[in-house]
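Below you'll find the structure, written out as structure tokens, and then a few comments.
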Amino acid sequence: MKVFVTGATGFIGTALVKELLNAGHQVLGLARSDASASALIAAGAEVHHGDLQDPDSLRSGAAVSDGVIHAGFIHDFSRFAEVCEIDRIAIETIGSTLAGSNRPFIVTSGTALVKPGTLATEDMASQHDVSKFPRVSEAAMDAFTTQGVRTAAIRLSPSVHGEGDHHGFVPILVNTARQKGVVAYIGDGQNRWNAVHRLDAVHLFRLALEHGEAGAKYHAVGDEAITVKAISEVIGRHLKLPVVSISQEEAAAHFGWFAMMAALDCPASSKFTQAQLHWHPSHPTLPQDLESGIYFK
């Protein structure tokens, strides 16, 4: 099928384009710059010039495609509420274009805030407070499930890891440690993250596109639960820096805006996803990627 992909030249998007092309699909990638367009052409994809903030470009890209994967997001946490609103409008624009067509529309979400403190499962609705975390991707998508769109959400792990990960949560921990001269975790560090290799994640996007059920939520989770202390200890060993515990009160000064994520306890399961879509993570785990040294070059 011809698949319109937003975020097609990002860390996940570049691997996703390759995954789709290798499976025999055509890819129409959204590009907002000449550099992005050139990268798409080099990968073997078609170029659709536009932007997440240009509804007309989203509308026209979706209109000529057999399915859409919305993997784009503006990762500017200094104006997070604004970019979440851009994301909502983009989803509604694409969804309204696909209404009544039964074409697949895959939206990107996350596992981190589904139900912090417990093992999150696919049947759980997200519990996050939108006044504090205003990203509403799933809610925006769900509105089109009853309008003849085969919607599905891929809930990505907090850490989507692998070669080329320069801006994710692990690089933030590594860069903060280099800047501060210590590797810090909050409290006893037993709060847990889940993780997935980006090549496993993009394989799941494709399976959801091809076989996903309308309204389904799928978990891109390879490692269900890794403590932040364990992650910190590997970072400390590779950087040869001390690993220390800091209090919740000290966390804001140490981590800045990232303090909330550094303290979050968010284990998650992908058992339903694996059974439903026959998806089985096969690439390196986060501990394996950390030990390989790719984050310390």
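The values are calculated or read from the model by the stated rules, or taken from the named source; none is laboratory data. Here the structure is a predicted model, which means the values were calculated and not measured. Neighbour counts run over all protein chains shown; Cβ positions are idealised from the backbone, glycine included.
Table for the structure above
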read-out: Qualifying residues in segment 1-52 (those that are farther than 22 Å from A90 by Cα and of a type in the set (D, E, K, R)) - the one surrounded by the most Cβ atoms within 10 Å (Cβ to Cβ); value: E19
read-out: Considering residues of segment 107-129 that are of a type in the set (D, E) and in contact with a Phe, Trp or Tyr (Cβ under 9 Å, 6 or more places away or on another chain) only, the residue surrounded by the most Cβ atoms within 10 Å (Cβ to Cβ); value: E122
read-out: Subset of segment 150-197 [among the β-branched types (V, I, T) and farther than 21 Å from H280 by Cβ]; value: T151, V170, I172, V174, T176, V182, V183, I186
read-out: In segment 228-260, the residues that are buried (at least 18 other Cβ atoms within 10 Å of the Cβ), closer than 22 Å to T285 by Cα and not hydrophobic (A, V, I, L, M, F, W, C); value: K229, S232, G236
read-out: Residues of segment 245-265 that turn out to be touching a Gly at 6+ places or on another chain (Cβ under 9 Å) and either modelled with pLDDT under 95 or assigned to a strand (DSSP E or B) (or both), as a count; value: 2
read-out: Residues located in segment 117-134, provided they are at pLDDT 95 or above, within 19 Å of the chain's Cα centre (by Cα) and of a type outside the set (V, I, T); value: L119, A120, E122, D123, M124
read-out: Failed condition for T14, given (1) in contact (Cβ under 8 Å) with a residue 24 or more places away in the chain; (2) within 22 Å of the chain's Cα centre (by Cα); (3) within 24 Å of E82 (Cα to Cα); value: (3)
read-out: Test: A81 is assigned by TED's automatic domain parsing to the domain that holds D54, within 17 Å of the chain's Cα centre (by Cα) and small (G, A, S); value: no
read-out: Residue within segment 274-287 that is surrounded by fewer than 14 Cβ atoms within 10 Å (Cβ to Cβ) and more than 29 Å from P104 (Cα to Cα) present; value: no
read-out: Yes/no for T121 being in the same structural domain as L52 (by TED's automatic domain parsing) and touching a strand residue (DSSP E or B) at 6+ places or on another chain (Cβ under 7 Å); value: no
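To keep it simple, each residue is scored yes or no on (1) touching a Pro at 6+ places or on another chain (Cβ under 9 Å); (2) surrounded by 18 or more Cβ atoms within 10 Å (Cβ to Cβ).
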| position | (1), (2) |
| --- | --- |
| F105 | no, yes |
| F133 | no, no |
| T151 | yes, yes |
| G164 | no, no |
| P171 | no, no |
